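> My questions all concern the structure below.
The values are calculated or read from the model by the stated rules, or taken from the named source; none is laboratory data. Quick caveat, the model's predicted, so the values are computed rather than measured. FYI the Cβ positions are ideal-geometry reconstructions off the backbone, even for glycines, and counts take in every protein chain you see. With ligands, DNA and RNA removed, areas are computed over all heavy atoms of the protein, side chains included. Shrake-Rupley method; radii C 1.70, N 1.55, O 1.52, S 1.80 Å.
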Amino acid sequence: MDYLRRTWADIDLDAVVHNYQEMKKCLDPGCLSMAVVKADAYGHGDGYVSRALQKAGVDWFAVSNLNEAVSLRRQGIDKPVLILGFTPPAMADRLAELNVSQTVYSEEYAKALSAQAKKKGVTVDCHIKVDTGMTRIGFYAPNGHECEAAEEIAAACALPGLSCTGIYTHFACADEFQQDSREYTLGQYAVFIQTLEELRRLGITFSLRHCCNSAATMAYPQMHLDMVRLGIVLYGLAPSGECAGMADLRPAMSLYTTVSMVKKLEAGVPVSYGRTYTTEHDRQVVASIAAGYADGYRRNLSNRGRVIVGGEYAPVVGRVCMDQMMIDVTDIPQVQSGDVVTLVGRCGDLAVTLDDFAQWNGTINYEEACLIGRRVPRVYIEDGREAAVIDYVIEAL
Ligand SMILES: *Cc1c(COP(=O)(O)O)cnc(C)c1O
């Protein structure tokens with residue numbers, strides 16, 4: 001494959017499909033699966049990932065906004081798509097035209113969307129979002145007030161131009177298993193079920209009820225309902241440390257870069273901006289490698305991260321620059337210009353994971369995956385071979 005072998009990400013579509021099939025195993029046969037491919041499939045590239053999942057049998061796709069939905073449609077996704085977040089009501093006709101479903105999360109929003117749908121002469125398919133305790137978007141349904149929430153939802157469902165076929169909620173801490181968090185999740189579920197019950201009493205039912213994200217899908221099989229929303233697990237990452245090992249997941253993304261130059265140095269030589277690292281002894285060997293924070297290798301990993309080169313771990317020394325960084329290869333013989341460096345991935349018994357990045361950075365693997373830069377070509381692996389490349393810098397979609 002022809003692409004810029006400077007810094008690149010391998011995206012293993014076989015792993016994505018494997019992860020989907022692993023999750024599918026724990027669903028009842030009638031339960032649908034929705035692949036959450038927002039934020040460019042968590043940085044993996046929405047087109048190839050979604051097409052592989054569509055081929056593997058995923059029923060629905062979820063994105064965060066209208067542009068992401070357009071991107072899926074342009075790239076051959078004809079399965080139903082749900083927008084999880086805000087769309088300006090004035091775009092009602094675009095939603096209908098693209099046959100994309102919109103989350104409706106308040107009576108005010110429902111009215112605005114309905115008015116625009118009516119004006120444009122279209123009907124928009126909607127999923128009602130219930131806020132059972134995440135306190136983000138959603139019809140507010142605090143414990144004990146399910147009846148009022150149901151009345152508001154019923155009013156929204158009665159509006160012209162909206163076809164409310166689905167209803168869902170989102171958990172705040174389904175990935176944490178201490179008593180208190182478990183109780184909170186069970187409480188959110190109970191409120192959701194009670195709201196559905198109140199709606200049924202008002203004569204309103206939905207064909208698609210869903211509440212489980214990746215963590216809940218693994219930890220709360222009794223809550224799968226009609227569909228589960230799978231995000232992070234499809235990419236082979238655990239939703240939290242506590243969820244690690246709950247399913248046989250294969251990380252889909254590996255990240256590589258290249259050695260640009262190797263220097264033999266004496267003791268006392270400062271390395272990189274700010275001179276935060278100084279060589280400790282004579283005959284120290286430092287390699288410059290061709291990745292930096294603009295590629296998604298966070299500056300916060302200065303003097304903290306480690307990479308794999310020549311079959312060994314090598315520590316990051318000095319500040320990570322925008323496009324380059326330095327590693328200490330003193331104890332690794334024969335590292336030379338052009339060698340491939342593993343920033344994320346497996347190399348024999350050695351591995352650096354996005355979970356390591358997250359730990360070093362004090363964040364979560366989700367954020368690390370999303371932050372891999374747009375200038376890093378995505379190289380798609382299918383049937384164990386390089387099958388395609390996306391280079392965002394030089395290709396129009
Ligand atoms: C992002 C998102 C998901 C997927 O969450 P994961 O933890 O990645 O499985 C599911 N539902 C909603 C509403 C989301 O915003």
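> Two decimals, Cα atoms only, Kirkwood Rh: what is Rg/Rh over region 98-188?
Details: Rg = 14.9 Å, Rh = 14.0 Å.
Taking Rg over the Kirkwood Rh, I get 1.07.
> Right, something else. About the Cα centre of the chain, what is the dipole size in debye to 20, counting +1 per Lys and Arg Cβ and -1 per Asp and Glu Cβ, all else neutral?
Using only the charged Cβ atoms, the result is roughly 880 debye.
> Given H placed 1.01 Å from N in the peptide plane, which residues other than close sequence neighbours of L162 have an amide H under 5 Å from its amide H?
For L162, whose amide H was placed from the backbone, the distant partners under 5 Å are V124.
> Just want to confirm a number: the relative contact order over the chain, from Cα pairs under 8 angstrom separated by 6+ residues, in percent.
17
> Mind scanning K79/K120; K79/K129; K55/K118; K55/K120; K79/K118 and naming the pairs with a C-alpha gap bigger than 28 Å?
Details: K79/K120 24 Å; K79/K129 21 Å; K55/K118 36 Å; K55/K120 34 Å; K79/K118 25 Å.
Over 28 Å Cα-Cα: K55/K118; K55/K120.
> Pick from V307, V17, V37: which residue has the top mean-square fluctuation in a GNM of the chain where Cα pairs under 10 Å get a spring?
Maximum fluctuation in the GNM of the chain, among the listed residues, is at V307.
> Which shape class applies to region 41-155: rounded if a/c is under 1.5, otherwise prolate when a/b exceeds b/c and oblate if not, where a ≥ b ≥ c are the square roots of the Cα gyration tensor eigenvalues?
Working: a/c = 2.53, a/b = 1.48, b/c = 1.71.
Since a/c reaches 1.5 but b/c is at least a/b, the shape of region 41-155 is classed as oblate.
> Between V352, V36, V104, which gets the highest mean-square fluctuation from a Gaussian network model of the chain, Cα cutoff 10 Å?
Residue with maximal mean-square fluctuation among V352, V36, V104: V352.
> Reachable aspartates and glutamates from K119, Cα under 12 Å, same-chain residues fewer than 8 places away excluded?
Within the straight-line limit of under 12 Å, K119 reaches these aspartates and glutamates: D93.
> Given a 1.4 angstrom probe, I'd like the percentage of the accessible area of the chain that is carbon and sulfur, rounded to a whole number. Walk me through the intermediate numbers first.
Details: 8470 of 17330 Å².
Its accessible area is 49 percent carbon and sulfur atoms.
> Then there's this: Work out, in µm²/s and without decimals, the Stokes-Einstein translational diffusion coefficient of region 159-292 at 4 °C, 1.567 mPa s, Rh from Kirkwood over C-alpha pairs. It would help to have the intermediate numbers written out before the result.
On the way: Rh = 19.5 Å.
My calculation gives 66 µm²/s for D.
> Report the one residue of G245, C31, G373 whose Cα lies farthest in the direction of the positive end of the charge dipole of the chain (charges on C-beta: Lys and Arg +1, Asp and Glu -1; origin at the Cα centre).
Of G245, C31, G373, it is G373.
> Tell me the GluC sites (Glu not before Pro) within region 359-397 that lie in a loop according to DSSP and have at most 13 other beta-carbon atoms within 10 Å.
For GluC sites (Glu not before Pro) across region 359-397 that sit outside H, G, I, E and B with at most 13 neighbouring Cβ atoms in 10 Å, the list reads E395.
> Let me ask something additional. Please work out whether region 332-397 counts as rounded, prolate or oblate from its C-alpha gyration tensor, where a ≥ b ≥ c are the square roots of the eigenvalues and a/c under 1.5 means rounded, while otherwise a/b larger than b/c means prolate and anything else oblate? Numbers along the way, then the final one.
On the way: a/c = 1.66, a/b = 1.12, b/c = 1.48.
Since a/c reaches 1.5 but b/c is at least a/b, the shape of region 332-397 is classed as oblate.
> Quick check on packing: order 117-126, 275-284, 195-204 by the mean number of other C-beta atoms within 10 Å, highest mean leading.
Descending mean neighbour count gives 117-126, 195-204, 275-284.
> If I take all pairs of Cα atoms in region 156-205, what percentage of them are more than 13 Å from each other?
Across region 156-205, Cα pairs with separations above 13 Å total 65 percent.
> Here's something else I'd like to know. Checking the cross-link filter: which aspartates and glutamates have an alpha carbon closer than 15 Å to that of K38, excluding same-chain neighbours under 8 positions apart?
Output for K38: D46, E68, E367, E368.
> On to the next question. Explain nothing, just the number: relative contact order of region 252-397, from Cα pairs under 8 Å at least 6 residues apart, as a whole percent.
Rounded, it is 23 percent for region 252-397.
> Can you pull the semi-axes for region 68-222, root of five times each eigenvalue of the Cα gyration tensor, sorted largest first, whole Å?
Here the semi-axes work out to 27, 19, 12 Å.
> Give me the percent of Cα-Cα pairs in the chain that sit more than 37 Å apart, rounded to a whole number.
Numbers: 24482 of 78606 pairs.
Summing the P(r) of the chain above 37 Å gives 31 percent of all pairs.
> Give me the dipole magnitude in Debye, nearest 20, for region 157-294 about the Cα centre, with unit charges on the beta carbon: positive for Lys and Arg, negative for Asp and Glu.
With only Lys, Arg, Asp and Glu charged at Cβ, the dipole is about 440 debye.
> Using the Cα atoms of region 190-239, I'd like the radius of gyration and the largest Cα-Cα distance, Dmax, both in angstrom.
13.1, 42
> Ok, one more. From the square roots a ≥ b ≥ c of the eigenvalues of the alpha-carbon gyration tensor of region 242-397, which class results: rounded (a/c under 1.5), prolate (a/b over b/c), or oblate?
prolate
> For the chain, what is the accessible area per residue in Å² when the probe is 1.4 Å?
In whole numbers, the chain has 44 Å² accessible per residue.
> Search the structure for amide H atoms under 5 Å from the amide H of C212, placed 1.01 Å from N in the peptide plane, and list their residues when 5 or more places away or on another chain.
R229
> Mean residue ellipticity at 222 nm from the helices of the chain, using -39,500 (n - 2.57) per DSSP H segment of n ≥ 4 over the full residue count, to the nearest 500 deg cm²/dmol?
-8500 deg cm²/dmol
> What number, in nm² with one decimal, is the all-direction average of the projected area of the convex hull of the alpha-carbon atoms of region 40-85?
Result: a mean projected hull area of 2.8 nm².
> Still on this structure: Please report, in whole Å³, the volume per residue of the convex hull around the C-alpha atoms of region 234-277.
So the per-residue hull volume is 184 Å³.
> Can I ask one more? Show me, bin by bin at 5 Å from 0, the whole-percent P(r) of region 60-122 based on Cα pairs.
4, 20, 31, 24, 15, 6, 1
> Which three extents, in angstrom, do the Cα atoms of region 210-253 have along their principal axes, listed largest first?
30, 18, 14
> Also, I was wondering about something else. Would you mind checking the radius of gyration and Dmax of region 1-89 based on alpha-carbon positions, in Å?
Rg and Dmax of region 1-89, Cα atoms, are 14.1, 46 Å.
> Report the residue, chosen from S33, S163, S337, that carries the largest GNM mean-square fluctuation when the chain is represented by alpha-carbon nodes joined by springs under 10 Å.
Most flexible of the set in this elastic network: S337.
> Still on this structure, I have one more. What's log10 of I(q)/I(0) for region 98-147 at q = 0.19, 0.25, 0.29, 0.30 Å⁻¹, Debye sum over Cα points only, no solvent?
The Cα Debye sum returns log10 ratios of -0.67, -0.93, -1.09, -1.12.
> Moving on. Rank Y109, Y20, G47 by how far each Cα sits towards the positive end of the charge dipole of region 1-140 (+1 on Lys, Arg Cβ; -1 on Asp, Glu Cβ) and give me just the farthest.
Selected residue: Y109.
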